[in-house]
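The values are calculated or read from the model by the stated rules, or taken from the named source; none is laboratory data. This is a predicted model, so every value here is computed, not measured. Cβ: placed from backbone, ideal geometry, glycine included. Neighbour counts: every protein chain shown. Ligands, DNA and RNA are excluded from the accessible area calculation, which covers all protein heavy atoms including side chains. Shrake-Rupley method; radii C 1.70, N 1.55, O 1.52, S 1.80 Å.
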Amino acid sequence: MNWKFFIARRIYRSKEGKEEVSKPAVRIAMAGIAIGLAVMIVSVAVVIGFKHQVRDKVIGMGADIVVSGIDGADLYQVNPIVAEDSLLDVFRGIFGITHVQRFSTKPGMIMTSDNFQGMIVKGVAQEYDWTYLKAHLQEGAIPAFSDSAASNSVLVSRSVADKLSLKLGDRMFTYFVEDNIRARRLTVSGIFQTNFSAFDDFFLITDLYTVNRLNNWLPDQAGGIELGVGEYGKTGAVNDEVRLALGDKTDRYGEPYCSRTAEELYPQIFAWLDLLDTNVWVILILMTGVAGFTMISGLLIIILERTNMIGVLKALGADNASVRRIFLTFSVFLIGRGMLWGNAVGLGLCCIQYFLEPVKLDPATYYVSAVPVELHLGWVVLLNICTLLVSVLMLVGPSYLISRIHPAKSIRFE
């Protein structure tokens, strides 16, 4: 048996199973480790969950990649591009692209008998992926939209419906101002709520045919083409392939194509999400410091309490390095026990929030109705390994106090 490990275990527990070392020192050290690790787990889970939910909302109502005209900085009032089947087939053949769909947009205004609201009507065709909107549809049904016939139906968000007192089956007038005012009467066929105000407050969904006619576009034209990517982390590489396929092409009417990712289209949203990473790093550094310094104070107290034992070990021939390893091994016991409690508390809080959602948020401000959490085994294990390594490394310096303890004086120490 390793005698250093044996002595460290004996320091930790007596024959009766009771702790021999100072209980307050041990409890403070383990509490520091537990609290620090629990806060780190909860912080990372919340930030990752929040980033992914907001990102999914942006992509769910839009796409990973959008191909539009070169003037598409304003996605809602653009020159049309030719979106013919041959071009769509080129995109479908690019590895990583899982879905291709056309869309058109037109800004305008909704007016009722007692209120009005600015809006953007988005036209979609039969190939549109309804997975996201179906998951957030609260009332009604999604009609069969196409690019060859007007449905006169529209999907509105809950926020627009509440502001204008709209219900299922209500007819509303939309107005579009250019050289003259054009009006279109649409019927509410469904109400959705994504809790993402950037879309909910403005967007209406109808068929591509209606929007193209409002824009006076030809049947083979559209406002843009949305491309879904199977794996978000590969969006940049897939977009490079799309740009390579487009090259310097222009459509038959002379409009050049431009391809951009969701991050390029909505830089303010993704820049805000990137700031959350800075907050996480600050929390990780602070909590690691808290855990490390509580362990340092605990180790110093334990060394002072065991001065007599250190002197005996040195008198029996143990060198300073051997005695330091004894106390560092003992510290690993404490760190491990604290980490067990930290994992239990941190993962427990995350599971409670994930399944029960006791902590609510204002969707108008945070885009989500409850604090989101997302757990992955990989980063939980990484947090544990880093916490253990950093805590032990921080104890190496204080452990050199043992080298200043002299056997002749310490054996008499009480």
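Okay, here's what the table says:
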| quantity | calculated |
| --- | --- |
| Built amide H within the under 5 Å cut-off of Ala63, gap 5+ | none |
| Rounded tilt (10° steps) of 320-356 against the dominant C-alpha axis of the chain | 30 degrees |
| Phi-based couplings in Hz for the stretch 291-305 (Karplus 6.51, -1.76, 1.60; Gly and Pro marked x) | 4, x, 6, 5, 5, 4, 4, x, 5, 4, 5, 5, 4, 5, 5 |
| Semi-axes of the equivalent ellipsoid for the chain, Cα gyration tensor, largest first, Å | 65, 23, 15 |
| The chain: calculated mean residue ellipticity at 222 nm from DSSP helix runs of at least 4, using -39500 (n - 2.57) | -16500 deg cm²/dmol |
| Nitroxide proxy distance, nm - points 7 Å out along Cα→Cβ at Asp248 and Asn308 | 9.0 nm |
| Rounded to 10°, Cα long-axis angle of helix 377-396 versus longest principal axis of the chain | 30 degrees |
| 5 angstrom amide H check on Ser153, placed H, neighbours 5+ away | Thr187, Asp207 |
| Paramagnetic reach from Lys360 (point 7 Å along Cα→Cβ, amide N under 19 Å) across the stretch 172-198 | 193-197 |
| Filtered GluC sites (Glu not before Pro), the stretch 64-168: DSSP coil and at most 11 other beta carbons within 10 Å | none |
| Burial order of peptide ranges 154-163, 35-44, 351-360, 295-304 (average beta-carbon count within 10 Å, highest first) | 35-44, 154-163, 295-304, 351-360 |
| At most 14 other Cβ within 10 Å, DSSP loop - trypsin sites (Lys or Arg not before Pro), the stretch 252-336 | Arg252 |
| Amide H within-cut-off set for Ala370, under 5 Å, with H built and near neighbours excluded | Leu361 |
| Out-of-range pairs (alpha-carbon distance over 31 Å; input Lys163/Lys234; Lys106/Lys249; Lys122/Lys167; Lys51/Lys167) | Lys163/Lys234; Lys51/Lys167 |
| Carbon plus sulfur fraction of accessible area for the chain, probe 1.4 Å, in percent | 60 percent |
| Estimated FRET transfer efficiency when R0 is 30 angstrom, pair Ser148-Phe95 (beta carbons, to 0.05) | 0.45 |
| Segments 363-372, 48-57 sorted - mean Cβ within 10 Å per residue, highest first | 48-57, 363-372 |
| Pairwise centroid distance, computed over Cα atoms, of the stretch 201-237 with the stretch 357-385, Å | 31 Å |
| Efficiency of FRET from Cβ geometry, Val396 and Asn115, R₀ 60 Å, rounded to 0.05 | 0.30 |
